1. Using the Cα centre as the reference, give the magnitude of the dipole from point charges on the C-beta atoms of the chain (Lys, Arg: +1; Asp, Glu: -1; all else neutral), rounded to the nearest 20 debye.
2. Provide, as a two-decimal number, the C-alpha radius of gyration of the chain over 2.2 N^0.38 Å, N being how many residues it has.
3. Which one, TRP203, LEU48, LEU222, projects farthest toward the positive side of the charge dipole computed for the chain from Cβ point charges (K/R +1, D/E -1)?
4. Please label the shape of the range 112-222 as rounded, prolate or oblate, based on the square roots a ≥ b ≥ c of the eigenvalues of the alpha-carbon gyration tensor (a/c under 1.5 means rounded; beyond that, a/b larger than b/c means prolate, else oblate).
5. Over the range 39-115, consider all pairs of different Cα atoms and compute the Kirkwood hydrodynamic radius from their mean reciprocal separation; express it in Å, one decimal.
6. Within a 10 angstrom radius of the beta carbon, how do TYR263, TYR175 rank from fewest other beta carbons to most?
7. About the Cα centre, and with charges only on the beta carbon of Lys, Arg (+1) and Asp, Glu (-1), how big is the dipole of the range 112-222? Nearest 20 debye, please.
8. Got a sec? How would THR259, THR220 order by Cβ neighbour count within 10 Å, fewest to most?
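Values quoted throughout were computed directly from the atomic coordinates according to the rules given, and no laboratory measurement underlies them. Please read all numbers here as calculations on a predicted model, not as lab measurements. Here Cβ is always computed from backbone atoms with ideal geometry, including for glycine, and neighbour counts include all displayed protein chains.
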Amino acid sequence: MNVGQWSRASRTLIRIGLACTAAFLMMGSESAQFITMASTTSTEQSGLFIYLLPGFKQATGLDAKVVAVGTGQAIDMARRGDADVLFVHDQKAEEKFVAEGGALQRYPVMYNDFVLIGPRDDPAGVKGKDVVAALRKLAAANAPFISRGDKSGTHAAELRYWAQAGLANAKGSGYKQCGCGMGQALNIAASSNAYVLADRGTWLSFKNRGDLAILVEGDTKLFNQYGVMVVNPARFPHVKSAEAQKFVDWITSPAGQSTIAAYKINGQQLFFPNADR
């Protein structure tokens, strides 16, 4: 190889090296441009994230890749370090996760409420404002009831109400667990004319209602609080904690809170911001 050929080859190698370096840097930059969020089916199936996340991206330049599962499964994801941020609705389980060192702090974000849904003609006669009394009537009538059965925040709340009714192990022969998300549970209830506990947000966005209607609402026990947490980077160094904190800061800021309040379906507000409580 003469000097000219050697010079051309050297320049080619340098260009290849620079291209590889640029590609590597771009890959690193792209990986930092999103966070992975473990969240609930209610926040996704209600349509909230479709409305909410563009505002987050506009404010921070970051995308959020949402894995929507039951709250228990979402917490398990965070416990394994498979998420950067956790956005769920089972306060007792969330506080336990923080106490275990899975996150450094839990931030309240918003609330809505649970509602007991059932056939419009209400054959079990549960209509009213007392969810515990309603469950007692369902069990006594062996009425068909669809439980999420998936360790979600909604499922955890439902089990609390059965326990408060003294019926943790005696829910009636109509009680069935689907092991599914909120939308699927509502679909099963609609097709079988059964009762089901749902979060109001998913119910308001649910289209396939059949003959179902809200029968029990307004009980203070039905309060449904959501919280957000950054997964602890001391436990999982690969977690994008700085980017995840940007989501926490934005969702609890006046801009994020007003975006939550502005999300409505048919004029009805689905979630109520309370980060400042």
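1. Values: 29 positive and 23 negative charges, 81 e Å.
Here the chain has a charge dipole of around 400 debye.
2. On the way: Rg = 23.9 Å, N = 277, 2.2 N^0.38 = 18.6 Å.
After normalising by residue count via 2.2 N^0.38 Å, the value is 1.28.
3. Farthest towards the positive pole: LEU48.
4. Numbers: a/c = 1.23, a/b = 1.18, b/c = 1.04.
In terms of gyration-tensor shape, rounded.
5. Details: mean 1/r = 0.0748 Å⁻¹.
About 13.4 Å for the range 39-115.
6. Details: TYR263 18, TYR175 21.
Final ranking by Cβ density, sparse to dense: TYR263, TYR175.
7. On the way: 14 positive and 10 negative charges, 27 e Å.
Dipole magnitude for the range 112-222 comes out near 120 debye.
8. Working: THR259 21, THR220 8.
Arranged by neighbour count, lowest to highest, THR259, THR220 become THR220, THR259.
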